[in-house]
Amino acid sequence: MRAWENSAYAWVVICKNKKFHKHTNVMFGHKIPLGETDLYEPPLALDGPFTAYCDECGTECSYEPGDVLRFEQELPAFFEPHRLFK
């Protein structure tokens, strides 16, 4: 078995409230999980901008479809996917 076969992936955006998150993950920003995915699923065809809420800083910002990234991370047990990613 290979290590990457058990990896969990999520669609994420980087929170735009950089001032609040500057104390953690300075190089890559705080990731807001939007939905669960895998290594091969193509990105959703989103029609335009959408908003996402950051649970950590309480900010809701607008994001473009190009802002969505696939990121290797475990989602918390209480995770509720974004309405566009259900």
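Couple of notes before you dig in:
- Filtering the range 54-79 to residues that are outside any loop (DSSP other than H, G, I, E, B) and of a type in the set (A, V, I, L, M, F, W, C) leaves Cys61, Leu69, Phe71.
- Subset of the range 46-58 (residues that are of a type in the set (A, V, I, L, M, F, W, C) and touching a helix residue (DSSP H, G or I) at 6+ places or on another chain (Cβ under 8 Å)): Leu46, Phe50, Cys57
- The range 17-55, subset in contact with a Ser or Thr (Cβ under 9 Å, 6 or more places away or on another chain), modelled with pLDDT under 90 and more than 13 Å from Phe85 (Cβ to Cβ), residue surrounded by the fewest Cβ atoms within 10 Å (Cβ to Cβ): Leu39
The values are calculated or read from the model by the stated rules, or taken from the named source; none is laboratory data. Note that this is a predicted model, so its numbers are computed, not measured. Because the Cβ atoms are built from the backbone with ideal geometry, glycine has one as well, and the counts that use them run over all protein chains shown.
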